[in-house]
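Trainee: Here it is, the structure, as structure tokens.
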Amino acid sequence: MNAREAAFKILLDIYNNGAYANIALGRFLKKNKLADKDRRFVTELVYGTVKAGDTLLWILRQYIKMPLKKIHPMIKIILRMGIYQLLYMDKVPVSAACNESVKLAKKHGHTGTVKFVNAVLRTLSRDESKGDFNKVSNDKSLYIALKYWHPEWMVKLFIKKLGVEETIKLCQFNNTNAPLSLRCNTLKIAPNELVNVLEKNGVICHKSNICDEGIICDDHPALSKIGALSDGSAIVQDESSMLVAHVVAPSPHDMVIDMCSAPGGKTTHIATLMGNKGRVIANDIYEHKIKLITENVVKLGLTNIEYSLSDARLLGEKYKGQADRVLADVPCSGLGVLRRKVDARWNKSREELKKLPQLQYEILQSAAMTVKKGGILVYSTCTINREENNDVVNKFLQKNPEFILDNIDQFLPAGLTSDNNMLQLMPHINNTDGFFIARLKKK
């Protein structure tokens, strides 16, 4: 199977079956062994095509007369891939982009669709002017949305909060490739030793600037070939999310509850900082996610973690006043991790953002019920949306005067400071995933 056929099959899984891009890609690469060169090409083509999303469809509309809905889904995917190669993959020859797309159309379509694909891509390759975004430059939000591959409603939201220039910088950052981020399992190996092991394994990496256990991999082979991941010396975890366990700052004999634990990165980090002692309760609402947490716990060699299958909003009554430390890393819009989750920007809606703050507040209230007097409650999200962050915390503090904002700066690395004891990392400013953390103390 050639690389473009592989990319087509993965995109078919994404667009027709609703698969997440990273899962569909990982699943395919695990089943089908590709040369490193082909693996990189497939990854770039799949992620790029997904990321460019509606921009590719807008360009396609400029070169056809029929409505998009009349194009067969498989042919639409082939055209997306072809347009992306022609306009955004400089190293791909025009002839290769067109000819290989036509071959895919022959295999998955009929004579008419073959001629259609050939005509569209050949016309685009000869004249790109029809797809020039400058024709809508008077509409600033639409222009930014098309040029930088984001939904227009999301661009309008960013502009309202950040202004035009910061929005452009944020969107540009979201389109960069996120490096692989690993957390060293310090129960098995020291971070410096892990760097040496990884380098011998063909990984080009360096230690994180914001977390002692973090290792940033600038270049690496397939994950299946990285021994440190299979033997439990390391786990994949976003760099900014590693700050959370340090802000929780658990002691070895604490009882800690992670309200929304899956996939277990923060839970296992907390358990590791406790030296595999004490008691950590990993809760999630879905059974298949509990299984995922368990797999990570076993791989890392942790024995101080228990499991709870429950709606986080119900945990308050179950563990009332029992916990020394509680983490409420709540479901959120994920607007801080759009760089890392390439399809996320197209799977969200304004309606979803409006509903989330109430759910987050209810989980935070439940979490508060489990905290002992003098205990700590940490609230975190991977979004940059103030309504899900500062506003939820401020509402909670107004309703719960027995809690106060604790000094979070003492737990942060040099160079990071909070705004009134609430930390908001911005992707394009901090060069990390966007993340929010607040530390609350019960009087």
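Readers should treat all values here as calculations from the given coordinates under stated rules, not as data from a laboratory. Since the model is a prediction, treat every value here as computed from it, not as a measurement. Note that each Cβ is placed from the backbone with ideal geometry, even for glycine, and that neighbours are counted across all protein chains shown.
Trainee: If GLY375 satisfies all but one of (1) of a type outside the set (Val, Ile, Thr); (2) buried (at least 19 other Cβ atoms within 10 Å of the Cβ); (3) in contact with a helix residue (DSSP H, G or I) (Cβ under 8 Å, 6 or more places away or on another chain), what's the number of the condition it fails?
Mentor: (3)
Trainee: All but one of (1) crowded, with 19+ Cβ neighbours inside 10 Å; (2) hydrophobic (A, V, I, L, M, F, W, C); (3) more than 25 Å from LYS130 (Cα to Cα) hold for LEU56, so report the exception by its number.
Mentor: Checking LEU56 against (1) crowded, with 19+ Cβ neighbours inside 10 Å; (2) hydrophobic (A, V, I, L, M, F, W, C); (3) more than 25 Å from LYS130 (Cα to Cα), the one that fails is (3).
Trainee: Here are some residues: LEU440, LEU423. Which one is within 24 Å of SER181 (Cα to Cα), in contact with a Phe, Trp or Tyr (Cβ under 8 Å, 6 or more places away or on another chain) and either assigned to a strand (DSSP E or B) or among the basic types (Lys, Arg) (or both)?
Mentor: LEU423 is the lone residue from the list that is within 24 Å of SER181 (Cα to Cα), in contact with a Phe, Trp or Tyr (Cβ under 8 Å, 6 or more places away or on another chain) and either assigned to a strand (DSSP E or B) or among the basic types (Lys, Arg) (or both).
Trainee: Now a separate question. Contact list please: Cβ distance under 9 Å, first residue in segment 8-26 and touching a residue at least 24 places away in the same chain (Cβ under 8 Å) and under 13 Å from ALA344 (Cα atoms), second residue outside any helix (DSSP H, G or I) and among the aliphatic types (A, V, I, L, M), pairs at least six apart or on different chains.
Mentor: So the pair list comes out as ALA21/VAL342; ASN22/VAL342.
Trainee: For segment 376-393: of the residues being part of a strand (DSSP E or B) and touching a residue at least 60 places away in the same chain (Cβ under 8 Å), which is nearest to LEU338 (Cα to Cα)?
Mentor: SER380
Trainee: If you don't mind, another one. Scan segment 394-420 for residues that are in a loop (DSSP other than H, G, I, E, B) and either exposed (fewer than 14 other Cβ atoms within 10 Å of the Cβ) or in contact with a His (Cβ under 6 Å, 6 or more places away or on another chain) (or both) and jot them down.
Mentor: Of everything in segment 394-420, those that are in a loop (DSSP other than H, G, I, E, B) and either exposed (fewer than 14 other Cβ atoms within 10 Å of the Cβ) or in contact with a His (Cβ under 6 Å, 6 or more places away or on another chain) (or both) turn out to be PRO401, GLU402, ASN407, PRO413, ALA414, GLY415, THR417, ASN420.
Trainee: Which of the residues spanning segment 362-375 are in contact (Cβ under 8 Å) with a residue 40 or more places away in the chain and within 14 Å of ASP329 (Cβ to Cβ)?
Mentor: Answer for segment 362-375, where residues must be in contact (Cβ under 8 Å) with a residue 40 or more places away in the chain and within 14 Å of ASP329 (Cβ to Cβ): ILE363, SER366, ALA367.
Trainee: Now a separate question. I'd like the residue in segment 123-163 that is within 24 Å of the chain's Cα centre (by Cα) and in a loop (DSSP other than H, G, I, E, B) and, out of all such residues, is nearest to SER101 (Cα to Cα).
Mentor: Per the stated criteria, the residue is TRP149.
Trainee: Looking at PHE436, PHE403, PHE396 in this structure, which one is in contact with a Lys or Arg (Cβ under 6 Å, 6 or more places away or on another chain), of a type in the set (Phe, Trp, Tyr) and in contact (Cβ under 8 Å) with a residue 24 or more places away in the chain?
Mentor: PHE403
Trainee: Just a yes or no: is a residue in segment 212-221 buried (at least 16 other Cβ atoms within 10 Å of the Cβ) and out of contact with any strand residue (DSSP E or B) (no Cβ under 8 Å at 6 or more places or on another chain)?
Mentor: Checking segment 212-221: not a single residue is buried (at least 16 other Cβ atoms within 10 Å of the Cβ) and out of contact with any strand residue (DSSP E or B) (no Cβ under 8 Å at 6 or more places or on another chain).
Trainee: Further question on the same structure: Quick check on segment 69-122: of everything there that is within 29 Å of the chain's Cα centre (by Cα) and not in a helix (DSSP H, G or I), which residue is nearest to ASP54 (Cα to Cα)?
Mentor: Filtering first and then ranking leaves MET89.
Trainee: Tally time: how many residues in segment 6-35 are on the phi < 0 side of the Ramachandran plot, part of a loop (DSSP other than H, G, I, E, B) and within 17 Å of the chain's Cα centre (by Cα)?
Mentor: 2
Trainee: Pairs needed: first member in segment 131-142, surrounded by 13 or more Cβ atoms within 10 Å (Cβ to Cβ); second member anywhere, part of a loop (DSSP other than H, G, I, E, B); C-beta distance under 7 Å; at least 6 residues apart or different chains.
Mentor: These pairs meet every condition: GLY131/GLN62.
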